[in-house]
Amino acid sequence: MSKGLFLRQSFTYFWLFNNFLILFLDRKHLLDKPGIDGEVLLIGNFILMVATSLSFVVSQRSLRSANPGASVRSLYGSFMIKFFVIAIAAFIYIMVAKKNVNKPALLICMGLYLVYTFMEVSSLQKLLKQKKNA
């Protein structure tokens, strides 16, 4: 994936906006009242962005292939990459934090996962439409 294409993806802008918002809210202590740990959100957001980027690259490369089986394999492969990266990160956090697990932050990260997945799929659909029209 070229640098320009990566910077034009909507989830890149979403990630930047999210990080600035989380940092602003954490700095103003607005996340303390509902009991949300800003560090967990920032790290979770970063992990989600990395996993989504890897998944997007794998799926995007399959669009170049003439083999329809490659698309299916890449779809499953990108799902597995994202699932295991996020599952391992959550497992490590839960094991390290033990009883101090911040459940609201984990729930927000789950919501961010859904948003990133939606944005990834919509970006891939746009690329697929461009490929069909070309």
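The numbers here are math on the coordinates, done by the rules we state, and not lab data. Nothing here was measured: the structure is a model prediction, and the numbers come from that model. Counting neighbours? That spans all protein chains shown, and the Cβs are built from the backbone with ideal geometry, glycine included.
Quick notes on this structure:
- Per-residue [θ]222 nm for the chain (sum of -39500 (n - 2.57) over DSSP H runs n ≥ 4, rounded to 500): -29000 deg cm²/dmol
- The Rg/Rh ratio for segment 14-93, using Cα coordinates for both the radius of gyration and the Kirkwood hydrodynamic radius, is 1.15.
- Label-zone membership for segment 18-41, site Phe118, 7 angstrom Cα→C-beta point, backbone N under 16 Å: 18
- Tensor-based shape of segment 55-111 (alpha-carbon gyration tensor, a/c under 1.5 rounded, otherwise prolate or oblate): prolate
- Across the chain, Cα-Cα pairs more than 20 Å apart make up 50 percent of the total.
- Among the listed pairs Lys82/Lys131; Lys33/Lys99; Lys82/Lys126, those beyond 23 Å (Cα-Cα): Lys82/Lys131
- What you get for the chain, charging only the Cβ of Lys and Arg (+1) and of Asp and Glu (-1), is a dipole of about 500 debye around the Cα centre.
- Using a Förster distance of 35 Å, the FRET efficiency for Lys131-Leu23 (Cβ separation, nearest 0.05): 0.40
- Residues of type aspartates and glutamates that Lys129 reaches as a straight line, Cα spacing below 17 Å, ignoring anything fewer than 8 places off in the same chain: Glu120
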